[in-house]
1. Could you grab the relative contact order for region 1-147? Cα pairs under 8 Å, six or more apart, rounded to a whole percent.
2. What residues qualify as long-range amide H neighbours of Val159, i.e. H under 5 Å apart, gap of 5 or more or another chain, H built at 1.01 Å from N?
3. If a paramagnetic tag sat 7 Å from the Cα of Ile89 along the Cα-Cβ line, which residues of region 111-151 would have the backbone N under 19 Å from that point?
4. Per the helix-only calculation at 222 nm, which mean residue ellipticity applies to the chain, given -39500 (n - 2.57) for every DSSP H run of n ≥ 4 and division by its residues, nearest 500 deg cm²/dmol?
5. For the charge dipole of region 124-178, defined by +1 on Lys and Arg C-beta atoms and -1 on Asp and Glu C-beta atoms about the Cα centroid, which residue among Gly146, Ile175, Ile131 has the Cα displaced farthest towards the positive pole?
6. So which trypsin sites (Lys or Arg not before Pro) in region 124-207 pass both tests, a DSSP loop state and at most 10 other Cβ atoms within 10 Å of the Cβ?
7. Could you size up the charge dipole of the chain around its Cα centre, putting +1 on the beta carbon of Lys and Arg and -1 on that of Asp and Glu, and report it in debye to the nearest 20?
8. Step through the residues of region 121-132 one at a time and calculate ³J(HN,Hα) from phi using the Karplus curve (6.51 cos²θ - 1.76 cosθ + 1.60, θ = phi - 60°), rounding each to whole Hz and writing x for Gly and Pro.
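Coordinate-derived values only; no laboratory data. Everything numeric in this text was worked out from a predicted model, so none of it was measured. Heads up, the Cβs are rebuilt from the backbone with ideal geometry, glycines too, and the neighbour counts pull from every protein chain shown.
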Amino acid sequence: MIKKYIPLAVNGGIGFGSKLKPKQLAVLGEYLDEDSEIELTTLQQLIVQIPEEKIEEAKRRFEEVGLSHYPVGKFVKNLRTCNFCKGEIEEGMPVAKELNKRIAGQEVPFTLRPAYTGCPIGCGEPLMNDIGVMKDHDEYELYIGGHPKGREARAGQLVRKNLNPEELYQLVDQILDIYRENGKKREKFYRFVDRFGFEQIKAALNL
Ligand code: SF4
């Protein structure tokens, strides 16, 4: 019988930089075939192939050792973050964690990459991602429609600034709903922003 594998995107969660502990790597190794390949992505994730019959047990064990796991495919990816160099609270790590908890893994028409950065220096490159959040003092700015590659590379556009965390979560949720309801199958988010219209999206958000 042919063995089936389920791909999972795994990382150490949101913290000070993208770090993994030896224990986490050991647990990861327990669920991989000896000759299986691990892909390291630019989104601070390891893509691993877990045997189907072990998938639920593997997810539980990963969580026990602090590994985060996400589905692979047409979902919202985990939030790409900066390294929070000025400190957890000052740079809003709890807000980044909460936003990630709310949106990562949601199904969307095409893989969507969100990013968060703890100050306007912008090490997490929020303007070059589908959805970008930038903290400025105690408030948040939300950008959409950025794209980092090829001839279509462009910076995202500012949806709104001076947001508090709740306003930020709600706006991001609404934007994902608009994309789900109006995006075509496999339509990339930045192309959806172009086709549907940035101003149209703002109007749908009552902005
Ligand atoms: S964006 Fe700001 S807080 Fe985050 S790592 Fe860069 S300088 Fe530090």
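1. Working: 279 pairs, mean separation 30.1, N = 147.
Averaging sequence separation for qualifying contacts and normalising by length gives 20 percent for region 1-147.
2. Under 5 Å from the amide H of Val159: Leu142, Tyr143, Ile144.
3. 118-119, 135-140
4. Calculated mean residue ellipticity at 222 nm is -9000 deg cm²/dmol.
5. Gly146
6. Passing both the DSSP loop test and the Cβ count: Lys149, Arg151, Lys185, Arg186.
7. Using only the charged Cβ atoms, the result is roughly 560 debye.
8. For region 121-132, the Karplus-derived couplings read 4, x, 4, x, 6, x, 6, 9, 10, 4, 10, x Hz, x marking Gly and Pro.
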